[in-house]
Amino acid sequence: MRMVDLIEKKRDGLELSTEEINYIIEGYTNGSIPDYQMSALTMAIFYKGMTEKERADLTMAMAESGDQIDLSEIEGIKVDKHSTGGVGDTTTLVVGPLVAAVGVPVAKMSGRGLGHTGGTVDKLESVEGFHVEIENLEFIDLVNRNKIAVIGQSGNLTPADKKLYALRDVTATVDSIPLIASSIMSKKIAAGADAIVLDVKTGAGAFMKTLEDSKELAKAMVRIGNNVGRKTMAVISDMSQPLGYAIGNALEVREAIDTLKGEGPKDLTELSLTLGSHMVYLAGKAESLSEAREKLERAIKDGSALEKMKVFLSAQGGDASIVDNPDRLPKASYIHELEAKEDGFVSEIVADEVGTAAMVLGAGRATKESEIDLAVGIILKKKIGDKVQKGESLAAIHSNFENVEEVKEMLYRSIKLSDTAKEKPTLIYGEIT
Ligand code: URA
Ligand code: CA
């Protein structure tokens, strides 16, 4: 087989076979296919697309390019949840203990990640002593015993995707639905999921800005999952403004605890119950979505979800007393209120910019080497549609700097007020199965 012939084939809009896709991914991973040929191929894919069969083949070839986690020793159907990313998205911290409380095994592999706030692992590390550096055997044992554990990301998960994503980034070929969908799905499959619930975000703060594109990405991922034997469904949810009120690591842990107590923000609670219900249903722990939801609501009411959070944290060395005593979480030295300069209604909260403001405070990493300040971040006091009076707080800035003028300016620019009331945005735009 010659790579040049395969590039030509895709250039002319023909379908690549399973063997050809395997040849490409193996060759690119081991270095025998050079970047310049791979970039020509990705550009051809960008223009000609990929058939359903090609997408499934590409996903599996990438999933098999490195370590794959074997979760077969865990009893039950392992359902993973994946979010395409947003600002202040605390759902994993809520949904994990919540579905575990009703018996769904949660075997989560998580990373730190770049961006506005840390990844799930960073957030959890704001709990004193908590760590994810555990052996595979212990990980599996913990899930069997407690129904939930989190392990740090293997350095050799889907190396083909890592290399390809870096190449796409510098060749203007990131924005291709088949490539994005295969990239995301390959990582979920390598991480051992039997079934997958996707939370595809839409809006200004999301990777996909329009509902149209979000739906298309969701459909593409759902088709891939089902074609490779993993039951997959997607929820399309709003990211026109940050989810919940908290953006920041320890602040989000606290918000998750509030939500598990039944005292969380409405949007975060609703989205967690929706995603959680689908997970419970796919795991075979309920006959219907409504039964799944009832179970989850009960787990919040009777305290078992909160109890599960404690068990989970202490099993991995964490100080579970923060659950009853969130004041013991890391705290910033200063809380600066962002006072409204006029009366009005909140008409827009540009999620990206609020996220960047949190990063400037130190809540997120700009580069892999940056240190994160787990205590800092932003608590929104108002969301879109809320009425505001001059002098009222729009947000609290939790900072370890005395001077936060730059951050205040950023937030004033991103939280927009209007004279007339604006409707609250839809939270859930649809489900794709
Ligand atoms: N996120 C991914 O993991 N892969 C892509 O290609 C795009 C976004
Ligand atoms: Ca939040």
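Could you list, in sequence order, the residues of the stretch 158-182 that are of a type in the set (Ser, Thr, Tyr) and either within 16 Å of residue 60 (Cβ to Cβ) or outside the structural domain of residue 214 (by the TED database) (or both)? If the condition is that a residue be of a type in the set (Ser, Thr, Tyr) and either within 16 Å of residue 60 (Cβ to Cβ) or outside the structural domain of residue 214 (by the TED database) (or both), then 158, 182 are the ones that fit.
Listed by position, the strands (runs of 3 or more DSSP E) enclosed by the stretch 91-203 that each have at least 1 residues that are closer than 30 Å to residue 429 by Cβ and among the small types (Gly, Ala, Ser) are 106-110, 195-202. When residue 326 is tested against the conditions (1) surrounded by 19 or more Cβ atoms within 10 Å (Cβ to Cβ); (2) touching a helix residue (DSSP H, G or I) at 6+ places or on another chain (Cβ under 6 Å), the lone failure is (1).
Only one of the listed residues (125, 135) is acidic (Asp, Glu), assigned by the TED database to the domain that holds residue 254 and more than 19 Å from residue 190 (Cα to Cα). That residue is 125. Quick check, is residue 227 more than 18 Å from residue 83 (Cα to Cα) and of a type outside the set (A, V, I, L, M, F, W, C)? The answer is yes for residue 227.
For every residue, the table says whether it meets (1) within 15 Å of residue 59 (Cα to Cα); (2) crowded, with 18+ Cβ neighbours inside 10 Å.
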{"residue": "196", "(1), (2)": "yes, yes"}
{"residue": "201", "(1), (2)": "no, yes"}
{"residue": "213", "(1), (2)": "no, no"}
{"residue": "222", "(1), (2)": "yes, yes"}
{"residue": "225", "(1), (2)": "yes, yes"}
{"residue": "230", "(1), (2)": "yes, yes"}
{"residue": "236", "(1), (2)": "no, yes"}
{"residue": "239", "(1), (2)": "no, yes"}
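Of the residues in the stretch 239-251, at least one is farther than 15 Å from residue 83 by Cβ, in a helix (DSSP H, G or I) and over 15 Å from the mean Cα position of the chain (by Cα).
Going residue by residue through the stretch 151-167, is there one that turns out to be under 18 Å from the mean Cα position of the chain (by Cα) and free of Cβ contacts under 8 Å to residues at least 24 places away in the same chain? Yes; the residues of the stretch 151-167 include at least one that is under 18 Å from the mean Cα position of the chain (by Cα) and free of Cβ contacts under 8 Å to residues at least 24 places away in the same chain.
The values are calculated or read from the model by the stated rules, or taken from the named source; none is laboratory data. It should be emphasised that the depicted structure is a prediction, and the values quoted were computed from it without experimental measurement. Neighbour counts are summed over all protein chains in view; Cβ atoms, including those assigned to glycine, are modelled from backbone coordinates with ideal geometry.
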